[in-house]
Amino acid sequence: MSRGLSVYLDLLRFVAALAVFMLHASFERFSGGLPFFWRFAIFGNDAVMLFFVLSGFVIAHVAMREADSPRGYAAARLARLWSVCVPALGLTVLLDGIGIQLAPGLYDFSLYAYDHPVARTLASLLFANELWFWSLQPFSNTPYWSVGYEFWYYVLFGAWLFTRGHRRWLACGLVALVMGPKIMLLLPVWLAGVWAYRTPLAQRLAPAAAGCLCAGTLAGYLVYRYSAMPEALATFTVQWLGEANSLHLGWSANFLANYVVGALVALHFVGARRLLHEGAPVPQRLERRIRTLAGFTFALYLFHNPLLQFFGALAHWLGWWQHRMLPVVLGPLWVVWLLGARTEQLKGPLKAMLLRAFSRPAASG
């Protein structure tokens, strides 16, 4: 992956995480609504699909370095997830416990659930929270659902990468059976990222054609997003599957619209690969700033919703409810700034620990 493309992808993933934050921060129940910034909230759901495509793209790249070692692949993926997921779940439990005491009415929300807390926490830690048709929401951390999808895409890709022949089909089939139809429905979005990395189309494109592809996919997305097509696809999907079946699909219910977004993002990445080739210049100061921001992406995504909820409860308890916008919006960003870089520092030691743990059975044998 070229340096220019890597920086561009880092910028995209930070912007995507910021879009999800703006979507939730603009809710009336949190901030009372954000002037002007609420206009960006419409990109929030599509930003998660960008994350899926980006994840497939990056995993296809890093697997080239890890393809000789299933242990290395597993340790890297688990370290990447647990380094942020474990602190995020701990923060959620802590903040929800305090926030419910401060303003219990604010936690009375249809997407939140607090029954079976041990099962919810363990399922989230083991990434079993979205298997088949159940959804064990980890309390107020609604964005966590996508981690329960992404982990299993890692497992499926690893099963394909480290097996051959009939064993490959058997291994992939078993993983798909464990995942269930809900997670499988959004697999094409993730695989679109793998395709965007592996396709030779980027090398065949002329620079002008690649520029047109990048600009055209961006323009096409804006036309799509501001048209009636997203709502029409959502309505068609419900009519096609039936309302009851759509409800069972949870976060995957609007999969047809997600396919459109995933395809546009994947094609955009193909064009970007050609434009941002090895010789593309990147100012060092700009690169440093983008890399720094990108380091907070995962923490911003997984920390923000419990923090928004908590700072809303705190504002209510302090009597600031009518003037809650700034503390509710800036408070989470401040906490993410304090904790985000520290979670990134956990990744290396956690990977080393996992590698040692995975090596012990082989050594004893």
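Residue by residue through the stretch 322-357, note down the ones that are polar (S, T, N, Q) and open to solvent by 20 Å² or more (accessible area, probe 1.4 Å).
Initial filter on the stretch 322-357 (polar (S, T, N, Q)): 322, 343, 345.
If the condition is that a residue be polar (S, T, N, Q) and open to solvent by 20 Å² or more (accessible area, probe 1.4 Å), then Gln322, Gln345 are the ones that fit.
Out of Met22, Met1, Met64, report the one residue that is aliphatic (A, V, I, L, M), at pLDDT below 90, farther than 18 Å from Tyr149 by Cβ and not in a helix (DSSP H, G or I).
Just one listed residue meets the conditions, Met1.
Which residues, taken from the stretch 131-161, are in contact (Cβ under 8 Å) with a residue 60 or more places away in the chain, of a type in the set (Phe, Trp, Tyr) and not in a helix (DSSP H, G or I)?
Correct list: Phe133, Phe139.
Can you tell me which condition Arg360 does not meet? The list is (1) over 25 Å from the mean Cα position of the chain (by Cα); (2) of a type in the set (Lys, Arg); (3) surrounded by 17 or more Cβ atoms within 10 Å (Cβ to Cβ), and all the others hold.
(3)
Return the residues of the stretch 270-321 that are closer than 25 Å to Val48 by Cα, open to solvent by less than 40 Å² (accessible area, probe 1.4 Å) and more than 17 Å from the chain's Cα centre (by Cα); say none if nothing qualifies.
Residues satisfying the conditions are Val270, Gly271, Ala272, Glu287, Ile290, Leu307, Leu308, Gln309, Phe310, Phe311, Gly312.
Kindly indicate whether Ala47 is crowded, with 16+ Cβ neighbours inside 10 Å and either in contact (Cβ under 8 Å) with a residue 24 or more places away in the chain or among the charged types (D, E, K, R) (or both).
yes
Determine whether Val93 is out of contact with any Asp or Glu (no Cβ under 6 Å at 6 or more places or on another chain), part of a helix (DSSP H, G or I) and under 24 Å from Val15 (Cα atoms).
Against the criterion (out of contact with any Asp or Glu (no Cβ under 6 Å at 6 or more places or on another chain), part of a helix (DSSP H, G or I) and under 24 Å from Val15 (Cα atoms)), Val93 does not qualify.
Output the residues belonging to the stretch 158-187 that are open to solvent by less than 20 Å² (accessible area, probe 1.4 Å) and within 17 Å of the chain's Cα centre (by Cα).
Residues satisfying the conditions are Lys182, Ile183, Leu186, Leu187.
Give Phe133, Phe151 a once-over and let me know the one that is over 30 Å from Trp320 (Cβ atoms) and surrounded by fewer than 17 Cβ atoms within 10 Å (Cβ to Cβ). Please lay out each step first, then the result.
Working: Phe151 fails: surrounded by fewer than 17 Cβ atoms within 10 Å (Cβ to Cβ).
Answer to the check: Phe133.
Is it fair to say Val118 is part of a helix (DSSP H, G or I), at pLDDT 85 or above and closer than 25 Å to Leu191 by Cβ?
no
Take Phe14 and decide whether it is modelled with pLDDT of 90 or more, within 16 Å of Leu264 (Cβ to Cβ), open to solvent by less than 40 Å² (accessible area, probe 1.4 Å) and part of a helix (DSSP H, G or I).
Criteria not met by Phe14.
If Cys214 satisfies all but one of (1) out of contact with any Gly (no Cβ under 7 Å at 6 or more places or on another chain); (2) open to solvent by less than 70 Å² (accessible area, probe 1.4 Å), what's the number of the condition it fails?
Status for Cys214: all satisfied but (1).
If you check Tyr114, Tyr107, which single one turns out to be farther than 26 Å from Trp160 by Cβ and either out of contact with any helix residue (DSSP H, G or I) (no Cβ under 6 Å at 6 or more places or on another chain) or free of Cβ contacts under 8 Å to residues at least 24 places away in the same chain (or both)?
Values: Tyr107 fails: either out of contact with any helix residue (DSSP H, G or I) (no Cβ under 6 Å at 6 or more places or on another chain) or free of Cβ contacts under 8 Å to residues at least 24 places away in the same chain (or both).
Criteria check complete, one pass: Tyr114.
The values are calculated or read from the model by the stated rules, or taken from the named source; none is laboratory data. All figures in this text were calculated on a predicted structure; none of them were measured in a lab. Here Cβ is always computed from backbone atoms with ideal geometry, including for glycine, and neighbour counts include all displayed protein chains. Remember, those area values only see protein heavy atoms, side chains included, never the ligands or the DNA or RNA. Shrake-Rupley method; radii C 1.70, N 1.55, O 1.52, S 1.80 Å.
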